Every structure is written in structure tokens, then in C-alpha cells.
Amino acid sequence: MDRDIRVGDGGRHVGARIGTTTTRNNKATRVSQPRAVRRRVLMYALGFPGAYEDHPWDEDVAKVGSKIFVFLGIEDSQEPAMTVKLRESREQALSVPGAAPTGYGLGRAGWVTVPFGERTPPLPVLKDWVEESYRVVAPKRLVAELDEHAPVIRDRRRRPA
């Protein structure tokens, strides 16, 4: 059974279902290219103020300052996933089939690992979670910068697929 997910879109909320993405025709389709989704999530994350890519432990991560806000694992992983730090959306993310609190004690601090696959939420939901993680981890001055330029940044990032 699919579960409803709320997708933030500039203050409006659009209903979506886990395990589907929306095409231009508003037809729901399964996520068939998890590596492409992973790439798009990384590119989105790198668009935030002060964000950059790093490779600790030979994994791809997005950082702001010295802090990681998105773990994306190894590019050629057999089970691609993202790990984000969530406060408001934690339970929602954990409702994704296969999602779990992150190991090594990170789950207690709000980190959730969400797999990319057939049951992945739509890309706008993943982007919302990346933004939430950024806001939790980033310095207040960079969050303020994001809020100051939010319409421009969001318009640039939320291009139709």
C-alpha cells in the first residue's frame, strides 16, 4: 500500500505517494534510475550557500563548513541511498519502505537513511529533506542567506524534469 507524502512547493503542498514520481503529464511512474536520482540530489545539495562536495571514507557527501548535511555513499553502490538529518520530517522519511535510522548512533541524533529504488518518494520530497537537513546543520548566517535568496534558489533548483 502506498502512503501519502506531503511535498513542499513554495508554501503550497501537493499530495504525492511514496514509490512514485510525477512526470509532466501528472502520471505516476516508478523511479527506475536510482543513480540518476542520486546525481540530481547531489547537484541540488551543492546549490545551497557554502555547500561543497567532499569524499570522506571514499563516499560522496555534501558539506557546509566542516559539517556533512547529506551522505550519498559510494557512487557505484548496489543499494544507492541518501542519509539526511531531519527534525520535522523524520517520521515521514522513516515511513519509506527500507528507510531506517542511520547506524553508528547517528539515528538517535535524527539521521535517517532513505534508499533510492522502486519505493523512493518523488524527487521534490527528497529535495525537501535535503533542504531540511541543510537548515539543521548549516550556520545561521547561511540559512539566513538561503532565506534571503529563497525564490531565486528554489526556482533554479526546481526545474521541471
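Of all the residues that make up the stretch 134-161, how many are part of a loop (DSSP other than H, G, I, E, B), among the small types (G, A, S) and at pLDDT below 90? Final tally of qualifying residues: 1. A count restricted to the stretch 45-70 and to residues that are surrounded by fewer than 16 Cβ atoms within 10 Å (Cβ to Cβ) and among the aliphatic types (A, V, I, L, M) stands at 1.
Within the bounds of the stretch 139-159, is there any residue that is in contact with a strand residue (DSSP E or B) (Cβ under 9 Å, 6 or more places away or on another chain) and crowded, with 20+ Cβ neighbours inside 10 Å? Taking every residue of the stretch 139-159 in turn, none turns out to be in contact with a strand residue (DSSP E or B) (Cβ under 9 Å, 6 or more places away or on another chain) and crowded, with 20+ Cβ neighbours inside 10 Å. Taking E131 as the residue in question, decide whether it is modelled with pLDDT under 95 and acidic (D, E). Taking the combined requirement at face value, the residue does not satisfy it.
Inspect the stretch 97-111 for any residue being in contact with a Leu (Cβ under 7 Å, 6 or more places away or on another chain) and touching a residue at least 24 places away in the same chain (Cβ under 8 Å) and give the result as yes or no. Checking the stretch 97-111: at least one residue is in contact with a Leu (Cβ under 7 Å, 6 or more places away or on another chain) and touching a residue at least 24 places away in the same chain (Cβ under 8 Å).
Scanning the stretch 71-91 for residues that are out of contact with any helix residue (DSSP H, G or I) (no Cβ under 7 Å at 6 or more places or on another chain) and more than 20 Å from R38 (Cβ to Cβ), we see that the one that is surrounded by the most Cβ atoms within 10 Å (Cβ to Cβ) is R90. Name the single residue that is surrounded by the fewest Cβ atoms within 10 Å (Cβ to Cβ) among those in the stretch 104-120 being in contact with a strand residue (DSSP E or B) (Cβ under 7 Å, 6 or more places away or on another chain) and closer than 14 Å to R35 by Cα. Here the answer is P115. The one condition from (1) of a type outside the set (K, R); (2) closer than 18 Å to V61 by Cβ; (3) within 14 Å of the chain's Cα centre (by Cα) that L106 does not meet is (3).
Can we say L42 is surrounded by 13 or more Cβ atoms within 10 Å (Cβ to Cβ) and not in a strand (DSSP E or B)? In short, yes. Residue pairs whose Cβ atoms lie under 7 Å apart, sitting 6 or more positions apart in sequence or on different chains, and linking a residue in the stretch 130-142 that is free of Cβ contacts under 8 Å to residues at least 40 places away in the same chain to a partner that is surrounded by fewer than 22 Cβ atoms within 10 Å (Cβ to Cβ), are R135/V143. Selection over the stretch 71-129 of residues that are assigned to a loop (DSSP other than H, G, I, E, B) and of a type in the set (S, T, N, Q) gives a count of 6.
The values are calculated or read from the model by the stated rules, or taken from the named source; none is laboratory data. Model, not experiment: these values are computed from the prediction. FYI the Cβ positions are ideal-geometry reconstructions off the backbone, even for glycines, and counts take in every protein chain you see.
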